[in-house]
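The values are calculated or read from the model by the stated rules, or taken from the named source; none is laboratory data. Values in this document were obtained by computation on a predicted structure and should not be read as measured data. All Cβ positions, glycine included, derive from the backbone under ideal geometry; neighbour counts span all protein chains shown.
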Number of protein chains: 4
Amino acid sequence: MPGNSFGQMLKITTFGESHGEALGVVIDGMPGNLLVNIEDLKKELKRRAPGQHKVHTARKEDDLPEILSGVFEGKTLGTPISVIVRNTNQKSEDYSKLKDQYRPGHADRTTTQKYGIRDYRGGGRASGRETLARVIGGYFAGLIIPNISVYAYIEQIGPYKLKNHPQDHKVDRGEIGIPDPSLTKEVITFLEDCKTKGESAGGIVSVSILNCPSGLGEPVFDKLKADLAKAMLSLPACTGFGLGEGFGFANLLGSEISSQSHFFGGMEGGISNGEQIHFKLAFKAPSTVGENAKEGRHDPCVLPRVVPVVEAMAKLVISDHFLRQNSYVPFLP
Amino acid sequence: MPGNSFGQMLKITTFGESHGEALGVVIDGMPGNLLVNIEDLKKELKRRAPGQHKVHTARKEDDLPEILSGVFEGKTLGTPISVIVRNTNQKSEDYSKLKDQYRPGHADRTTTQKYGIRDYRGGGRASGRETLARVIGGYFAGLIIPNISVYAYIEQIGPYKLKNHPQDHKVDRGEIGIPDPSLTKEVITFLEDCKTKGESAGGIVSVSILNCPSGLGEPVFDKLKADLAKAMLSLPACTGFGLGEGFGFANLLGSEISSQSHFFGGMEGGISNGEQIHFKLAFKAPSTVGENAKEGRHDPCVLPRVVPVVEAMAKLVISDHFLRQNSYVPFLP
Amino acid sequence: MPGNSFGQMLKITTFGESHGEALGVVIDGMPGNLLVNIEDLKKELKRRAPGQHKVHTARKEDDLPEILSGVFEGKTLGTPISVIVRNTNQKSEDYSKLKDQYRPGHADRTTTQKYGIRDYRGGGRASGRETLARVIGGYFAGLIIPNISVYAYIEQIGPYKLKNHPQDHKVDRGEIGIPDPSLTKEVITFLEDCKTKGESAGGIVSVSILNCPSGLGEPVFDKLKADLAKAMLSLPACTGFGLGEGFGFANLLGSEISSQSHFFGGMEGGISNGEQIHFKLAFKAPSTVGENAKEGRHDPCVLPRVVPVVEAMAKLVISDHFLRQNSYVPFLP
Amino acid sequence: MPGNSFGQMLKITTFGESHGEALGVVIDGMPGNLLVNIEDLKKELKRRAPGQHKVHTARKEDDLPEILSGVFEGKTLGTPISVIVRNTNQKSEDYSKLKDQYRPGHADRTTTQKYGIRDYRGGGRASGRETLARVIGGYFAGLIIPNISVYAYIEQIGPYKLKNHPQDHKVDRGEIGIPDPSLTKEVITFLEDCKTKGESAGGIVSVSILNCPSGLGEPVFDKLKADLAKAMLSLPACTGFGLGEGFGFANLLGSEISSQSHFFGGMEGGISNGEQIHFKLAFKAPSTVGENAKEGRHDPCVLPRVVPVVEAMAKLVISDHFLRQNSYVPFLP
């Protein structure tokens, strides 16, 4: 079973190697008649793009999305939407020295073990570059659920932790996704320092979802929390998912949590209860360190660029379950 | 899209309400000719059964599995295996008072919001009782991958934490799943105390998988970590998943992790690398507390009974990916 | 990929060998709150049951459906409905002589080639007996689309052909599914004669669907005609599917068909257009002939018993597409 | 559930409107290390292309496939292969007059009923042009099963019927897919005449598959015949599928067929038995007739161009089932 599709009613299929011709996505299951704004899509892609700040990889990518199908006269047709982004950074350089290099913590070795072949010019499908296809998918998913607000922010990078969590979705997340200007400054200095030293850092992303209707999620395997966990753990470098208090629940007694519904993370029995959904994600530091990491194209930390990707994946999960539940709404008493 | 099936090549579909006629599972995609030992299956079910220890719910269930199909003369046929377990604890008591009671933290309210109806006699599909169907599925999944060893254990319940993690899969996990006799005693006393007080506790389960071949998992959405996360978060009360160091990665620099492959949790790029797979799971305390919780049928903590369920889900994920990868093995150079 | 499930939003999974403990079905994706009438279900099963007429196999089966889940207080819960039917005809006789017999035209040999093992006591999963699980599924599917009428009838058995096709769905189809009393008589005599001689016959079934809303079916692979064709060709002995004029279209010029929409079979571009859907199915004569066929349990012709199965499969397809389209209805202008 | 994907282990997802930017396909589930020959792919596309003969639409399309992903250094990577073909025939002409025209027998009206919107410049997804994406998919599917030979040919167009069926797959099918030079001439004359008159014709295609291994197909819903039927009925204008004798079985007694295995069409119980697979397909005459049909871009008959598409769909089905069965082969005794 190939693993390049995600979703049931709203399904994205992504394709493309990091150093191939193009990356792309097919979004199948979109309703018709939704207004498409290409500038909004570009804005989302720009949030994920490298080179937004000097802590980011210096590689300049012109991530220009080209819509090949499914949109006509500015509206969705209900047919599959295909969007591609050309890889403009392919160099004529000699990649052959990379042919037999398996970078630890990357998919180089395991890809070869799996397929017996790999595109050794880069990370192939395992590259973070694949996530731009998810951002495109997330933009279209958002058109289905315009009233639902998804907001992700960084709450920790390396030793730097956010003290006050934002109370609503209007709080500015600054240059790198941290809703605190002074912490942002400290983290940027820290990351610049990492870059100089060939060091890298991990961290934690928080996600809040407002206005999600109740009843989304299926009671057994396709619980909303289960599908969100899969969505997030499918991201490169993501190593942890926690709903509500997450691992903090290990230290809480039943009497402490039973009457405070905010602890439930917006779900009961894995089905949305209409309250705020919140969960956290852990990301590990990039495995590339030392001299290699000092080269321009390596990020010392994935979190600043991962924030819009996390939001995209959340929108894809919620939209999918929204469409799934739609089928049964006419039968509700 | 209904959500009662899990897996691609090896797929289980579970059915049954906690207070209905029976619970059951259909396991589709089993190879033929595998030897089935009903006693081994019963042993697995017994590990999950209530009443194993006095900290467990006193409700005595005779979880007798009946194989209805797919097994002939002690061997799998390759056809769907269906196993049911009758619910023998249905009482003739008056459940009508429960009709309009929505227990916080349970699926009572959200189920009604979703379907407009629910079986108010118990937790319905959201009941922990559903997990016995998963244990049955896990038993059969294990027949496909007999060389792979899956071992889960409790590393924390409430304030009690395991100090020394077991070094192999032979370490006895005692009565309640803790590989440390003295900690076991303390925890039992703690849980008995919880029961007396109408209190409840959460905790953390660790999972180790040995001898998993490399190459399992798909590079993008169906990463092994993603499918494991979904499997585990689909369990009632599970609130967190962490691969390798999990959320601990937030505090580790790249230089600390890049050269120590054990940190990767047995995967690179989401594909198994042939090393030990390890991950952790958080479970919250049961929401039922106070006077209600003092009644016999409520567990003060789900962890002791969840250990075999976690192992079953892990086997289902690994077996499924094993069969998926099988298709491509003949094409490897 | 296991092949024992059918449908997307409404999905049935069937299980059970013809000579095993039980046959059964899990119906996943049912809306909640639909009234279930067990007597109606039994009526449908009785239409398919053997022994309705002396041309049928003499084997008396008590096909008593037992609902194990998904129905509470006479209503669907929205959870998976599981129904089993015990096999009561298992005999203590010696089946070992059948162990190495591969009956031509049956799945005996191919099942062994596929799985390396088979339940040699009968046809296993390939037995016509499996279709009773489909009839159960069809009954529940029908609850979703109560306004849609599905009506199948026999238009040919061996050399006997129906002259006047019924004009509506009220026409009585008599004992064996033929809407013509005198033809019914002739065919019964013919089939009795076949039985006596150890001969068997095939034929053609016509299906008419009224009140199907427009817009069902997906434009490319999941066209309504494609899913209906798959549903029908998945029936044992079914060898042909023809939409509208079917193979008769080969002899019609564009000018003859373009202005007569009834030729289109109720679909344009594979999507229902709101008109009557009609298609035809070919079934071959049972491969068991000669002395073996004279034994009681062999039908000389599958068509009389296949009529309710065909209707069930059609209802499953239509209901599934109805639920699929439901998701998008709120987005229609 | 979107309907633009086909297959389980080998899955194609097609996209693109006939008058949009491009058509394309994502082929997911390809094994790695298979040699790709772009010239062979172009040859297949050319067989389907218009303008091969003057009975074909005069519209000249330059169907140049561009591989965007999944192929590296001439070999498959095991990752999704994406191929697009630009639509070069988009004209700057005024399509607005077509906006409210619903051509009978086309998907114009039903698409609008389904989505509330359509790309009125052409047939959108329902256009025969979509089938070029299938041909691309079929080319890659063929790489998986190089020893299996799929051969389709026309056996009837309008009143012209093939008398002698080809005995092997080497027989030349001439300009339009008919393995008989003199019949080819007659049919060309007939079709030219149709074109002049604004008339159109349907017909029958036969398909033969050699060297298919036994054991492909699943015993219940995913029978090989069922998946082939779905594949073929998903083609525009396809109205009938017949396995082996197809509807001819209605006139054959059991004694006539039971001993002649060629009648079974290469399957028993829906599973391939290692013998020649053969089936027939009916296609209806294009609905466009009269003055409109005299315009260059309309084919008077779809059959000549449909032959390679039918072969592609057959290869996709067989390859998919081949990969599915691969998973279980290591468990065979």
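Looking at region B:110-145, which of its residues are touching a Gly at 6+ places or on another chain (Cβ under 9 Å), over 13 Å from C:THR79 (Cα atoms), assigned to a helix (DSSP H, G or I) and among the basic types (Lys, Arg)?
Answer for region B:110-145, where residues must be touching a Gly at 6+ places or on another chain (Cβ under 9 Å), over 13 Å from C:THR79 (Cα atoms), assigned to a helix (DSSP H, G or I) and among the basic types (Lys, Arg): just B:ARG129.
For region D:150-208, name all the residues that are among the acidic types (Asp, Glu), part of a helix (DSSP H, G or I) and touching a strand residue (DSSP E or B) at 6+ places or on another chain (Cβ under 8 Å).
D:GLU186
Which residues, counting only those in region B:238-265, are more than 7 Å from every other protein chain (Cβ to nearest Cβ) and within 20 Å of the chain's Cα centre (by Cα)?
Within region B:238-265, B:CYS238, B:GLY265 meet the criteria.
Of the residues B:THR184, B:THR196, B:THR189, which single one is of a type in the set (S, T, N, Q) and surrounded by 19 or more Cβ atoms within 10 Å (Cβ to Cβ)?
B:THR184
D:GLY142: more than 24 Å from A:PRO31 (Cα to Cα), out of contact with any Phe, Trp or Tyr (no Cβ under 6 Å at 6 or more places or on another chain), crowded, with 24+ Cβ neighbours inside 10 Å and at pLDDT 95 or above, yes or no?
no
Just for region B:206-222: of the residues that are buried (at least 17 other Cβ atoms within 10 Å of the Cβ) and more than 10 Å from chain A (Cβ to nearest Cβ), which one is farthest from B:ASN273 (Cα to Cα)?
Result: B:SER206.
For A:VAL289, indicate whether it is farther than 30 Å from B:LYS195 by Cβ, surrounded by 24 or more Cβ atoms within 10 Å (Cβ to Cβ), modelled with pLDDT under 95 and out of contact with any Lys or Arg (no Cβ under 8 Å at 6 or more places or on another chain).
yes
Can you pull out the residues in region D:67-103 that are surrounded by 15 or more Cβ atoms within 10 Å (Cβ to Cβ), assigned to a loop (DSSP other than H, G, I, E, B) and at pLDDT 85 or above?
Correct list: D:GLY70, D:GLY78, D:THR79, D:PRO80, D:ASN87, D:TYR102, D:ARG103.
Evaluate the following for D:ALA49: is it at pLDDT 90 or above and within 22 Å of the chain's Cα centre (by Cα)?
no
When region B:275-314 is examined, which residues are found to be within 12 Å of B:VAL205 (Cβ to Cβ), within 12 Å of chain A (Cβ to nearest Cβ) and of a type in the set (Lys, Arg)?
Once the filter is applied, which keeps residues that are within 12 Å of B:VAL205 (Cβ to Cβ), within 12 Å of chain A (Cβ to nearest Cβ) and of a type in the set (Lys, Arg), region B:275-314 yields only B:LYS280.
Confirm whether B:ALA231 is aliphatic (A, V, I, L, M), at the interface with another protein chain (Cβ under 7 Å from one of its Cβ atoms), touching a helix residue (DSSP H, G or I) at 6+ places or on another chain (Cβ under 6 Å) and touching a residue at least 24 places away in the same chain (Cβ under 8 Å).
So B:ALA231 does not fit the description; no.
Can you pull out the residues in region D:1-46 that are among the β-branched types (Val, Ile, Thr) and in a loop (DSSP other than H, G, I, E, B)?
Hit for region D:1-46 is D:VAL36, nothing else.
So how many residues does region D:122-176 have that are aromatic (Phe, Trp, Tyr) and within 14 Å of chain C (Cβ to nearest Cβ)?
Residues in region D:122-176 being aromatic (Phe, Trp, Tyr) and within 14 Å of chain C (Cβ to nearest Cβ): 1 in total.
Residue under question is C:SER234, and the condition is that it be modelled with pLDDT of 95 or more, crowded, with 23+ Cβ neighbours inside 10 Å, under 30 Å from D:GLU130 (Cα atoms) and hydroxyl-bearing (Ser, Thr, Tyr); does it hold?
yes
Of all residues in region C:182-205 being more than 9 Å from every other protein chain (Cβ to nearest Cβ) and among the aliphatic types (A, V, I, L, M), which is farthest from C:GLY3 (Cα to Cα)?
Applying the filter and picking the extreme gives C:LEU183.
Please verify whether region D:166-179 includes one or more residues that are buried (at least 23 other Cβ atoms within 10 Å of the Cβ), touching a Pro at 6+ places or on another chain (Cβ under 9 Å) and basic (Lys, Arg).
no
What's the number of the only condition in (1) surrounded by fewer than 24 Cβ atoms within 10 Å (Cβ to Cβ); (2) touching a residue at least 60 places away in the same chain (Cβ under 8 Å); (3) facing another protein chain (nearest Cβ under 7 Å) that C:LEU323 fails to meet?
Evaluating C:LEU323 over (1) surrounded by fewer than 24 Cβ atoms within 10 Å (Cβ to Cβ); (2) touching a residue at least 60 places away in the same chain (Cβ under 8 Å); (3) facing another protein chain (nearest Cβ under 7 Å) leaves (1) as the failure.
Can you name the residue in region C:181-210 that is over 22 Å from C:GLY242 (Cβ atoms) and of a type in the set (S, T, N, Q) and is also farthest from the chain's Cα centre (by Cα) among such residues?
The extreme case among them is C:THR196.
Which one is farthest from C:ALA226 (Cα to Cα), of the residues in region C:1-15 that are within 7 Å of another protein chain (Cβ to nearest Cβ) and aliphatic (A, V, I, L, M)?
C:MET1
Considering each residue of region C:16-29, count those that are at the interface with another protein chain (Cβ under 8 Å from one of its Cβ atoms) and crowded, with 24+ Cβ neighbours inside 10 Å, and give that number.
8
Across region B:267-284, what is the number of residues that are on the phi > 0 side of the Ramachandran plot and either surrounded by fewer than 24 Cβ atoms within 10 Å (Cβ to Cβ) or among the hydroxyl-bearing types (Ser, Thr, Tyr) (or both)?
1
Can you confirm whether region D:295-311 contains a residue that is part of a loop (DSSP other than H, G, I, E, B), over 19 Å from D:ASN211 (Cα atoms) and free of Cβ contacts under 8 Å to residues at least 12 places away in the same chain?
Yes: region D:295-311 contains one or more residues that are part of a loop (DSSP other than H, G, I, E, B), over 19 Å from D:ASN211 (Cα atoms) and free of Cβ contacts under 8 Å to residues at least 12 places away in the same chain.
Which is assigned to a helix (DSSP H, G or I) and either free of Cβ contacts under 8 Å to residues at least 12 places away in the same chain or closer than 30 Å to B:TYR160 by Cα (or both), of A:ALA314, A:ALA250?
A:ALA250
Restricting attention to region B:107-121, which residues are within 25 Å of the chain's Cα centre (by Cα) and crowded, with 22+ Cβ neighbours inside 10 Å?
B:ALA107, B:ASP108, B:THR110, B:THR111, B:LYS114, B:ARG118, B:ASP119 - these are the residues of region B:107-121 that are within 25 Å of the chain's Cα centre (by Cα) and crowded, with 22+ Cβ neighbours inside 10 Å.
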